[in-house]
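Shown next, in structure tokens, is the structure this report addresses.
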Amino acid sequence: MAEQNQDLFGKKIFFLNPNYTFKTQVISELRMLEYEVYIIDNYRDAKNILRKNPNSICFVNIDSQLSTYGWYIFFSEFEKEDLLKGTVIGIISDRLTPIEKTFFLDKINPKAGVMEASADSKKIVENIEDILKINNAKGRRQYVRANCLSDKNSMLIFNDGNLINQLKLVDISHMSAATLAPAIRNTNLEKNTLIRGATLKLGSKQYIINFIVYDIHTRGDKELLITLFTPETVSGLKEPIMDYVFETLQTHLAASINGERRDETNYNQQGKAFAEAMKKEAAQQKKENEAKSKSK
């Protein structure tokens, strides 16, 4: 069942510690392309989140928060946990030297590659989209949806004859929404009914929309009304609706780890010890090689 759901919904995509360019240009563009993209601001939250979302894709900016070898220790621990080892890692950096880049490629083997943080944003998006397609990040789902049940202010309000409907939103994408209502109502609604001038409330904002009734399902004492937004509504409100969708998803992500202990591992300290051990090993190897050369 989990594999079927992943085939349908694809994979969640995380950006850990993204810089300003990624936050304002790359991530927003990927979201507009209907990828389910999240931001993790602090590495101390990353493993808790990724454990709850196994087999996700995570692009990590390693130019801040931890030292280069601190990040190496951070990544190396993924293979020690079943819930983390399936994470597809991508590394973003401008500070890696050629030797360090080769080291990361060899030791970490990031399946989503290593890319420059300051490259042209259009090229970055193209590169990342190629990686996401290879990893079937979208699955078979066309549009990213957000569950709205926890948002008391999300409503769809419209007139149906003499009846004013104020229906709670269940979920929404920029193309459609599902609402919940009492099953027994004096209504003229039926499939393919066109409703004009409805009010869509999303958080503190309101929008005037037109929609078509796609279907109506009875769920016990409730009625699930599935709507499709008309083309003019989609073209006019795609961006604000998608902003709401991803703000909601991001809020749910933060709530999913409430109360969990943050990662307190001192990766920098372990990275420093690892780097010093490498230097000693290299010095010893050099000494041995010089001794061999003299004995010849």
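The values are calculated or read from the model by the stated rules, or taken from the named source; none is laboratory data. Since we're looking at a predicted model, the values are computed, not measured. Here Cβ is always computed from backbone atoms with ideal geometry, including for glycine, and neighbour counts include all displayed protein chains. These area figures cover heavy atoms from the full protein model, side chains too; ligands, DNA and RNA do not enter into them. Shrake-Rupley method; radii C 1.70, N 1.55, O 1.52, S 1.80 Å.
Structure data summary
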item: Condition met for E276 (modelled with pLDDT under 85, surrounded by 10 or more Cβ atoms within 10 Å (Cβ to Cβ), out of contact with any helix residue (DSSP H, G or I) (no Cβ under 6 Å at 6 or more places or on another chain) and of a type outside the set (S, T, Y)); result: no
item: So I27, is it at negative phi and touching a Leu at 6+ places or on another chain (Cβ under 8 Å); result: no
item: Members of the range 123-135 found to be surrounded by fewer than 13 Cβ atoms within 10 Å (Cβ to Cβ) and either β-branched (V, I, T) or part of a loop (DSSP other than H, G, I, E, B) (or both), listed by number; result: I134
item: Which listed residue is touching a residue at least 60 places away in the same chain (Cβ under 8 Å) and either touching a Lys or Arg at 6+ places or on another chain (Cβ under 9 Å) or not aromatic (F, W, Y) (or both), from I92, I99, I62, I27; result: I92
item: Pick from the range 115-155, criterion aliphatic (A, V, I, L, M) and more than 17 Å from the chain's Cα centre (by Cα), ranking: nearest to S204 (Cα to Cα); result: M155
item: Candidate set: the range 243-270, residues that are of a type in the set (S, T, Y) and surrounded by 13 or more Cβ atoms within 10 Å (Cβ to Cβ); chosen: the one farthest from D151 (Cα to Cα); result: Y267
item: Where a residue in the range 112-132 is within 13 Å of I27 (Cα to Cα) and its partner, wherever it lies, is open to solvent by less than 40 Å² (accessible area, probe 1.4 Å) and part of a helix (DSSP H, G or I), with Cβ under 6 Å and at least six apart; result: S121/V26; I124/V26; V125/V26
item: Residue match in the range 235-242 (condition: of a type in the set (A, V, I, L, M, F, W, C), surrounded by 13 or more Cβ atoms within 10 Å (Cβ to Cβ) and over 19 Å from K152 (Cβ atoms)); result: yes
